[in-house]
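The values are calculated or read from the model by the stated rules, or taken from the named source; none is laboratory data. Since the structure is predicted, the reported quantities are computational estimates derived from the model, not experimental observations. A quick note on method: Cβ atoms are made from the backbone with ideal geometry, for glycine too, and the neighbour counts reach across all protein chains shown.
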Amino acid sequence: MKIIPAFGPQSRILGAACALLLASAFSSPLRAQGPSAGPVPVRAATVELEQISNPVEALGTARAWEFVSLRAGVTEHISRINFESGQKVNAGDVLVELSHGEELAELAGARATLARFERDEKRLRGLVGKNLTTREQWEAVQTQVAETRALIDGLQARIDDRIIRAPFDGQLGLRNISVGSLATPTTEITTIQEIDRLKLDFTVPERQLSAISGGMKIEARSQAHPKRVFNGEVMIVEARVDPQTRAFTVRGRLDNPDGQLKPGMLLRVKIISNPREALTIPEAALVPLAGDQSVYVVKQTDGGNMVQRRDVEIGQRYQGKVEVLSGLSQGDQVVTRGTLHIRDGQAVSVSSEQGAASQ
């Protein structure tokens, strides 16, 4: 048996052969990644024209559109109660009557006196025309008629003070009195509030002052009804900024026809500022480079699909999408997945994001 020296000519030939085999083995994958490789699989989405806005978000407190604490204007015993707690009433409905028997008696007497004076005035008017009485007597009776009418008006006002009515359509609160109890001007009989619509007060940082104006649409959500959106609009923007908080107060109006929202609730508010139509793409399509943004646009050629790198100007970002101000047109297709494995002019095979989402 012939032994080959470790560093002889035969070992050099054997080493060279092994090197060639290794080079051949590694050269095949490298060529697969070169220009002659097949299309790179990517996913793409279509540039869409959507209705978007620059939302301003805040926390607000719901308040009743109208709210009154009902109290007696005089000190008197309660003779009648015409409502129950939580009842809905109409403007003018009688809720409580205070004792007013004395005033009714005085009113009846004053009306009888007025009727007598009116008869005297009518009789003297006829006599003056016939020169059977003096004009001074007639005018004196006219004065008595006017004074009695004023007395009746005063008595009627005293009676009205003892009859408490609903000042507007609304829902009553808890009843805090009973028949026979003594009501004073400090006694809260009940409350009434209008909640078919609500005021919504919230504060916004001063940097967003120019973004909010009257008439803008509002969307509000409550933890009590997490799946429901309550719609409204901005009524007024306060004319001053709080120097302590550097914020300003905005008051909105919310529709609440079924009474699901209650005054005092904390609501999450979104103001729909600057609504507009704009081109949008998925945020994943953006390829940032040195502060600029670009995308890969899919182009159809005779040989298949290829990508073209294109600079874009972007605007508002929201919910995984981004507004495109320039650089793209509606209907263009942009690569959303696979951007790290392609370059300008690269052949690609495209699958849509919608198709991938449905799988």
So ASP311, is it at pLDDT below 90, over 30 Å from LYS217 (Cβ atoms) and of a type in the set (D, E, K, R): no
Kindly indicate the residue of segment 213-235 that is assigned to a loop (DSSP other than H, G, I, E, B) and within 12 Å of the chain's Cα centre (by Cα) and also surrounded by the most Cβ atoms within 10 Å (Cβ to Cβ) among those meeting that condition. MET216
Failed item in (1) over 17 Å from THR113 (Cβ atoms); (2) among the hydrophobic types (A, V, I, L, M, F, W, C); (3) within 54 Å of the chain's Cα centre (by Cα), with ALA150 passing the rest: (1)
What is the one condition in (1) touching a Leu at 6+ places or on another chain (Cβ under 8 Å); (2) in contact (Cβ under 8 Å) with a residue 60 or more places away in the chain; (3) surrounded by 13 or more Cβ atoms within 10 Å (Cβ to Cβ); (4) not in a loop (DSSP other than H, G, I, E, B) that LEU155 does not satisfy? (2)
Positions within segment 272-306 being assigned to a strand (DSSP E or B), touching a Ser or Thr at 6+ places or on another chain (Cβ under 9 Å) and at negative phi, in sequence order: ILE272, ARG276, LEU279, ILE281, PRO282, VAL287, PRO288, VAL295, TYR296, ASN305
Which ranges mark the strands (runs of 3 or more DSSP E) fully within segment 314-359 that have 3 or more residues being modelled with pLDDT under 90 and surrounded by 13 or more Cβ atoms within 10 Å (Cβ to Cβ)? 347-352
Quick count over segment 72-87, residues being exposed (fewer than 15 other Cβ atoms within 10 Å of the Cβ) and charged (D, E, K, R), is 2
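So which of GLU147, GLU121 is modelled with pLDDT of 95 or more, assigned to a helix (DSSP H, G or I) and farther than 30 Å from VAL96 by Cα?
On the way: GLU121 fails: modelled with pLDDT of 95 or more.
GLU147 is the lone residue from the list that is modelled with pLDDT of 95 or more, assigned to a helix (DSSP H, G or I) and farther than 30 Å from VAL96 by Cα.
Evaluate the following for ARG253: is it outside any loop (DSSP other than H, G, I, E, B), free of Cβ contacts under 8 Å to residues at least 24 places away in the same chain and outside the structural domain of GLY327 (by TED's automatic domain parsing)?
Numbers: outside any loop (DSSP other than H, G, I, E, B): yes; free of Cβ contacts under 8 Å to residues at least 24 places away in the same chain: no; outside the structural domain of GLY327 (by TED's automatic domain parsing): yes.
So ARG253 fails the test.
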Scan segment 298-324 for residues that are free of Cβ contacts under 8 Å to residues at least 40 places away in the same chain and closer than 23 Å to ILE52 by Cα and jot them down. ASP311, VAL312, GLU313, ILE314, GLY315, ARG317, GLN319, GLY320
Mind listing whichever residues of segment 236-250 are over 16 Å from ARG207 (Cβ atoms) and either of a type in the set (Asp, Glu) or not in a loop (DSSP other than H, G, I, E, B) (or both)? ILE236
